[in-house]
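The values are calculated or read from the model by the stated rules, or taken from the named source; none is laboratory data. Note that the coordinates shown come from a computational prediction; the quantities given were computed from them, not determined experimentally. For neighbour counting, all protein chains shown are included, and Cβ atoms are generated from backbone atoms with ideal geometry for every residue, glycine included.
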């Protein structure tokens, strides 16, 4: 049994060594057809395009991506080739919620956003959007509007007091609009350039716009134009259309601008690795007997008594913004060598 893995997936060893005779680890962007020709399992992140070019003629029977999103997998080809695949839905949902929450806390501090009198609109209410919804309710937003046409069509249940809203309602009523959809180009509800010039032209309240979904969900040139016209108050951008290249003007203009790391808490990474290994164990029909846990925070940190300050001590998105602005060409290196970040002080301390 040979497994090829992206070498930046953390906490895999030693658990994965117990599942295979040979484990080959390489940078995701460098994994080639020759690498996987005699492999049975391939484990990737977003930088490995898994399609006919990579997999045809190989022995691969299972592809697992240690991510929520899977638009880098050609699922039609995988199905036709008889190759099973799995992703990790919800693995980093609370990490993204932490990113959105703390970006808004900094906007409150630095730019005067009044959370208690504001309405948040969430576009895409799956695992991530639901975690963001819970964070918004904890933070004390006056109202939370939810937009997700596929789930609304299925009459998906929502917490008491919440209901499905149209995108037009968010354009008219929201002071913060945050995107958490997959990237799709077809079907009844495509999301590519969902936030385009027409979308921004319909905004009435000059909202903060957050994209922590996929780069193509927001048209970056249209967003820049909306900032110029005063249609958008501030932008928070974690995902970029040209990754790993970034729009340098938007990098400068956005209040928070980060290298696709919203879901990169150590907790989210550990969840993704655990779910990945569980998928492999299920495929191999073996018991998942491993335990995956992120490292503890360094000892000696003096934690603030103020809950907002304490949250920002755990994670400050402006620090990631400063690093990316200082060296935008190091986008991939900053992702691959991301510093330790924990979501909860209680959980982190329980590991000490």
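Values as computed for the structure displayed
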| item | result |
| --- | --- |
| Residue pairs meeting the criteria (Cβ under 6 Å; at least 6 apart or on separate chains; first on the phi < 0 side of the Ramachandran plot, in segment 231-251; second surrounded by fewer than 18 Cβ atoms within 10 Å (Cβ to Cβ) and part of a loop (DSSP other than H, G, I, E, B)) | 233/206 |
| Residues located in segment 53-95, provided they are assigned to a helix (DSSP H, G or I) and touching a residue at least 24 places away in the same chain (Cβ under 8 Å) | 55, 77, 78, 93, 94, 95 |
| Any hit, segment 305-319, residues being assigned to a loop (DSSP other than H, G, I, E, B), free of Cβ contacts under 8 Å to residues at least 60 places away in the same chain, out of contact with any helix residue (DSSP H, G or I) (no Cβ under 8 Å at 6 or more places or on another chain) and not assigned by TED's automatic domain parsing to the domain that holds residue 41 | yes |
| Residue match in segment 283-294 (condition: outside any loop (DSSP other than H, G, I, E, B) and either modelled with pLDDT of 95 or more or touching a strand residue (DSSP E or B) at 6+ places or on another chain (Cβ under 8 Å) (or both)) | yes |
| Complete set of residues in segment 8-36 that are loosely packed, with under 15 Cβ neighbours inside 10 Å and assigned to a loop (DSSP other than H, G, I, E, B) | 13, 14, 21, 27, 32 |
| Hits in segment 107-129 (condition: touching a helix residue (DSSP H, G or I) at 6+ places or on another chain (Cβ under 7 Å), crowded, with 20+ Cβ neighbours inside 10 Å and assigned to a helix (DSSP H, G or I)) | 128 |
| Subset of segment 28-50 [farther than 24 Å from residue 96 by Cβ and touching a strand residue (DSSP E or B) at 6+ places or on another chain (Cβ under 8 Å)] | 31, 35, 36, 38, 39, 40, 41, 42 |
| Residue tally, condition in a loop (DSSP other than H, G, I, E, B), in contact with a helix residue (DSSP H, G or I) (Cβ under 8 Å, 6 or more places away or on another chain) and surrounded by 12 or more Cβ atoms within 10 Å (Cβ to Cβ), over segment 136-158 | 3 |
| Residue among 248, 274, 335 that is exposed (fewer than 14 other Cβ atoms within 10 Å of the Cβ), closer than 29 Å to residue 28 by Cα and out of contact with any helix residue (DSSP H, G or I) (no Cβ under 6 Å at 6 or more places or on another chain) | 248 |
| Filter result for residue 5 (part of a loop (DSSP other than H, G, I, E, B) and buried (at least 16 other Cβ atoms within 10 Å of the Cβ)) | no |
| Some residue of segment 290-297 being exposed (fewer than 12 other Cβ atoms within 10 Å of the Cβ) and under 29 Å from residue 46 (Cβ atoms) | yes |
| Failed item, numbered, when residue 70 is tested on (1) at pLDDT 95 or above; (2) not assigned by TED's automatic domain parsing to the domain that holds residue 238 | (1) |
| Checking residue 191 against (1) part of a loop (DSSP other than H, G, I, E, B); (2) out of contact with any strand residue (DSSP E or B) (no Cβ under 9 Å at 6 or more places or on another chain); (3) at pLDDT 95 or above, the condition it does not meet | (2) |
| Candidate set: segment 17-28, residues that are modelled with pLDDT of 95 or more and over 12 Å from residue 48 (Cα atoms); chosen: the one farthest from the chain's Cα centre (by Cα) | 22 |
| Single unsatisfied condition, residue 256 versus (1) under 14 Å from the mean Cα position of the chain (by Cα); (2) closer than 20 Å to residue 121 by Cα | (1) |
| Every pair of residues 6+ apart whose Cβ atoms lie under 8 Å, when the first sits in segment 194-206 and is closer than 10 Å to residue 223 by Cα and not assigned by TED's automatic domain parsing to the domain that holds residue 241 while the second is in a helix (DSSP H, G or I) and modelled with pLDDT under 95 | none |
